[in-house]
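A short worksheet on the structure shown next.
Bear in mind that the values in this text are calculations on the coordinates, not laboratory data. Quick caveat: nothing in here was measured; it's all calculated off a predicted structure. Methodologically, a virtual Cβ is constructed for each residue, glycine included, from the backbone with ideal geometry; neighbour enumeration extends over all protein chains shown.
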Amino acid sequence: MSTLRRTLTATLAGIAVAAVALAGSAPASAASAPPAPVVGAPASTSSYYVHNGALFLSGVAEGDVYSSLFSFDGTTFTQVPGSPVGPTQFHTLGDELIFEAIVDINALPSYSYGLFTYDGTTITQVPGPFESPNDFVSIGGVAYFLASVGGVFELWQYDGSTASPVAGGTVDPRYLSTYNGKLYFEGDTDPTPGEARTLFSYDPATPGTPAAPIAGAPVGASELVAYDGLAYFGADGSLYSFDGASTFAAVDLTPATSAGALTVFDGALYFTGGTSGFGNVFSYKGGTVTEVPGAVTETVHYTEYNGSLYYLGFANDLPVMNIITAGQVSVLEGSPEYTFNMTVFQGKLYFSGDTDDASNVMYVYETEPPSPTSAGPALASTGLDSAPSCCFSPEHPSCCSPGPAARRGPNGHRLLRREHDHLVVRLVVNELEAVARVGLDQLLREPVEVWCERGNRGEAAHLAPANERT
């Protein structure tokens, strides 16, 4: 076995200054207080959406039975006059807020949903022979959406004045998304329902050309998410990349078994993976899929806030807010159950949650944004000509990757964060990078050493007092 080693002479004197700086510069945001119900919020809130500097939502006013449209400026809730019942599916088109709502609640039990707009003063219904408009996306000042006509869903468009069907859109479309100026969706190429669903595209620059399936696309397709110069989507139980023209490539999902709820966070593509029911959280970066340790979820939506990723996870079998920061999972202290509608507004995270007495209660949570970390003094060169990139954590004591993946950079160490009685330190020695969790009491006693080894079981990262390394 060959050994690549470097002793870090990090005595208390050598690390104390950076440790003090660390206290105010942790990448994980420090919470000012647990989440709390928002005072004055309407009951049964949902569909939070930021538009023109205000937070819009659906809620039930005191004394009312049905939900209506509210705006919130960070202090005061205002019930929008003339609101239809059940507003949802909010979307911005220019200066207008467009949304779906019940046309006539008095038509029970056969009421329908229509398309409405709000210009800041007046709510107006957009006429059209369609029902249940939803899944809005915009390209070039035109909103595209799904709507039911005679019980069959079609692709429609609204240009701010008129709604009309999109050519080639009568294929039971689902999962609208945009990429490089084009509209993409899953459609059915066979009259038999669900027999041949695949990825379709529509180019608004050539409106005379109908939407059509893309040759070579896999079966099924979720929303496209742009990442690292390509579009990614889940389909046929796998994850695919697409160059926007004609090339599709399947990603080796191992250890995941499917991919959904894709979102870009911290330079990686995160997604929910699993066969059914509860799933796990995975990240994809540099061609490798990695499971986030301890992350279990049934979420279909992730929200980034102040350097962390928030989602509906679990703690003690209860569905509560979970947080991913620097690849580590934690539970939001004081989180209510069944947290949804996570939306960032005015530097705060708003969401709904259930209590013992009510459901969909509006909550607010605030943290301080992360500050940049401070670099420590440089380390001397060891003459190592190559080394793997390594990391060390309590959950994964060894997780090294091949040398080509190692980051280049000057020798040195950087304190990443403090965890109770430990410091998390990143070490760089030539092409070696290691992340180690170092006990403060250990630093008081003696220098520590980090090294990587190659053996018949691959690479391994190690950390120990220098006098224990032979």
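Residues that are β-branched (V, I, T) and in contact with a Phe, Trp or Tyr (Cβ under 6 Å, 6 or more places away or on another chain) within segment 35-90 comprise V50, V85, listed in sequence order. Among the residues of segment 196-238, those identified as among the aliphatic types (A, V, I, L, M) and in a loop (DSSP other than H, G, I, E, B) are A196, A205, A211, I214, A215, A217, A221, L224.
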